[in-house]
Amino acid sequence: MLVLGIETSCDETAVALYDDNGLIAHDVYSQIKTHAEYGGVVPELASRDHIRKLLPLIDNLLSTNQIASTQIEAIACTTGPGLIGALLVGASTGRALAFAWDIPFIGVHHMEGHLLAPMLETPQPSFPFVALLVSGGHTMLVDVKQIGEYEILGQSIDDAAGEAFDKAAKMLGLPYPGGPEISKLAELGTAGAFTFPRPMVRHAGVDMSFSGLKNATRLAINANSIDGTLTHQTQCDIARAFQEAVVDTLIIKCKRAMKQTGHKTLIIAGGVSANTSLRASLKLAGKKSGFDVFYPSPALCTDNAAMIALAGYYRLKAGQHDPLTILSHPRWPIDSLTPLSQPSDL
Ligand code: KG4
Ligand code: ZN
């Protein structure tokens, strides 16, 4: 079955083609430049840009891969959670194409897409596993029993990890999105120059909190600025301390989740899972504690449509699809999804 995937939940317009042999191709247009001068995503601008870019991207994906529209057998499109205007652009376009081409349409949960992204790689993780989902909007640990059967073990009670990276970066005068910028500076930072708290590690369970790290960052900036500016080295040292605090906290919570569930596989996904320090530290923690760690290649950690086409493919194969009246949901709890009725179909 050849599936066209569409993703427009935030500031990336993305399209992909997936069939029985795997991922054929995917393409992402990032709106980073559009939003950079505002220091964050402006929802109205995001929607307008998706309208401009989506159809040309689909057209280009089909022609580059010499696929005719008549060959596409289904459309999988993110229908939540995300920015409602941005979601509506993808869903309206996807539904219109499904109607015109007389093929099924399936609405995909964005975080289910992230969670399944490691299945696009080889070797694939096998179920059950624990998923650490770390993006700009979400930070949660999920017990994944099978596709669609998700139990939230814990989550951030305030800022998502990616949001905390973005806010800390803004304070340090770095451009949006801040995660990759902090990561670059952290490599040049001196170990131990600053030590930030590991929030909520003394609390039992796997809930997390990242908003307090903003204060630690602000205090360090204020105490070390000369005439309102930081030296480049101090900037790097603060970036390193911030990243270490986030990574350490995530690792402590992951280890607890692995112990709690007894699972032997951990996957990480979402934009922050592109962070090289988090990837390396978790692999090491897994080796020491006896669990395997899987993550997607960096391009498939951040928003993309390959993961949406894949999630849609699995659901379509199991006989699920949605009416063309399906709504988009800015909020949509991942533990309310329908488990696949026929996992043996995969
Ligand atoms: O999954 P994603 O592309 O979009 C959402 O669904 O939110 O995640 C974007 C987030 C941003 O907050 C960005 O700063 C963060 O992921 N991010 C990173 C890295 N690359 C992206 N955070 C830390 N280190 C990175 N290398
Ligand atoms: Zn995302």
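Screening ALA269 on (1) within 18 Å of PRO180 (Cβ to Cβ); (2) of a type outside the set (Asp, Glu); (3) free of Cβ contacts under 8 Å to residues at least 24 places away in the same chain shows it passes everything except condition (3).
Please find, among THR70, THR13, the residue that is among the polar types (S, T, N, Q), assigned to a strand (DSSP E or B) and touching a residue at least 12 places away in the same chain (Cβ under 8 Å). Show your work before the answer.
Numbers: THR70 fails: assigned to a strand (DSSP E or B).
Of the residues listed, the single one that is among the polar types (S, T, N, Q), assigned to a strand (DSSP E or B) and touching a residue at least 12 places away in the same chain (Cβ under 8 Å) is THR13.
Quick check on my filter: what residues within segment 82-103 are surrounded by fewer than 21 Cβ atoms within 10 Å (Cβ to Cβ), part of a loop (DSSP other than H, G, I, E, B) and either of a type in the set (Gly, Ala, Ser) or touching a residue at least 12 places away in the same chain (Cβ under 8 Å) (or both)? Across segment 82-103, the qualifying residue is only ILE103. When segment 307-320 is filtered for residues that are buried (at least 18 other Cβ atoms within 10 Å of the Cβ) and not hydroxyl-bearing (Ser, Thr, Tyr), the ones remaining, listed by number, are MET307, ILE308, ALA309, LEU310, ALA311, GLY312, ARG315, LEU316, ALA318.
To keep it simple, each residue is scored yes or no on (1) crowded, with 24+ Cβ neighbours inside 10 Å; (2) away from ligand 2 (no atom under 16 Å from the Cβ); (3) closer than 20 Å to MET119 by Cβ.
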{"residue": "ILE252", "(1), (2), (3)": "no, yes, no"}
{"residue": "GLN260", "(1), (2), (3)": "no, yes, no"}
{"residue": "LYS283", "(1), (2), (3)": "no, yes, yes"}
{"residue": "CYS301", "(1), (2), (3)": "yes, no, yes"}
{"residue": "ALA305", "(1), (2), (3)": "yes, no, yes"}
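Out of all the residues in segment 47-67, which are in contact with a strand residue (DSSP E or B) (Cβ under 9 Å, 6 or more places away or on another chain) and either touching a residue at least 24 places away in the same chain (Cβ under 8 Å) or surrounded by 16 or more Cβ atoms within 10 Å (Cβ to Cβ) (or both)? Answer for segment 47-67, where residues must be in contact with a strand residue (DSSP E or B) (Cβ under 9 Å, 6 or more places away or on another chain) and either touching a residue at least 24 places away in the same chain (Cβ under 8 Å) or surrounded by 16 or more Cβ atoms within 10 Å (Cβ to Cβ) (or both): ASP49, HIS50, LYS53, LEU54, LEU57, ILE58, ASN60, LEU61, LEU62, THR64, ASN65, ILE67. Taken together, ALA245, ALA239, ALA306 contain a single residue that is within 24 Å of the chain's Cα centre (by Cα), more than 22 Å from LEU172 (Cβ to Cβ) and of a type in the set (Gly, Ala, Ser), which is ALA306.
Out of all the residues in segment 163-182, which are aromatic (Phe, Trp, Tyr) and either more than 16 Å from ligand 2 (Cβ to nearest atom) or surrounded by 21 or more Cβ atoms within 10 Å (Cβ to Cβ) (or both)? Quick ask: steps written out before the conclusion?
Step one: of segment 163-182, the residues aromatic (Phe, Trp, Tyr) are 165, 176.
Matches in segment 163-182: PHE165 only.
Here SER328 fulfils each of the conditions (1) within 23 Å of ASP27 (Cα to Cα); (2) modelled with pLDDT under 95 apart from (2).
Tell me, yes or no, whether segment 69-76 has at least one residue that is crowded, with 19+ Cβ neighbours inside 10 Å and over 24 Å from ILE334 (Cβ atoms).
Step one: filter segment 69-76 for residues crowded, with 19+ Cβ neighbours inside 10 Å, giving 72, 74-76.
If we keep only those that are over 24 Å from ILE334 (Cβ atoms) too, we end up with 72.
Yes - at least one qualifying residue is present in segment 69-76.
Within segment 262-281, track down each residue that is among the charged types (D, E, K, R) and either surrounded by fewer than 16 Cβ atoms within 10 Å (Cβ to Cβ) or over 18 Å from the mean Cα position of the chain (by Cα) (or both). Once the filter is applied, which keeps residues that are among the charged types (D, E, K, R) and either surrounded by fewer than 16 Cβ atoms within 10 Å (Cβ to Cβ) or over 18 Å from the mean Cα position of the chain (by Cα) (or both), segment 262-281 yields only LYS264. Scanning segment 7-44 for residues that are over 12 Å from VAL89 (Cβ atoms), away from ligand 1 (no atom under 16 Å from the Cβ) and modelled with pLDDT of 95 or more yields a total of 9. Can you name the residue in segment 285-299 that is away from ligand 2 (no atom under 16 Å from the Cβ) and of a type outside the set (D, E, K, R) and is also surrounded by the most Cβ atoms within 10 Å (Cβ to Cβ) among such residues? Checked segment 285-299; the qualifying residue surrounded by the most Cβ atoms within 10 Å (Cβ to Cβ) is VAL293. Scanning segment 183-230 for residues that are in contact with a Gly (Cβ under 9 Å, 6 or more places away or on another chain) and loosely packed, with under 15 Cβ neighbours inside 10 Å gives PRO197, GLY205, THR229.
The criterion of at least 2 residues that are at pLDDT below 95 and farther than 18 Å from SER277 by Cβ is met by the following helices (runs of 4 or more DSSP H) wholly inside segment 131-245: 212-224.
The values are calculated or read from the model by the stated rules, or taken from the named source; none is laboratory data. Bear in mind the structure is a predicted one, so any value in this text is a computation, not a measurement. Counting neighbours? That spans all protein chains shown, and the Cβs are built from the backbone with ideal geometry, glycine included.
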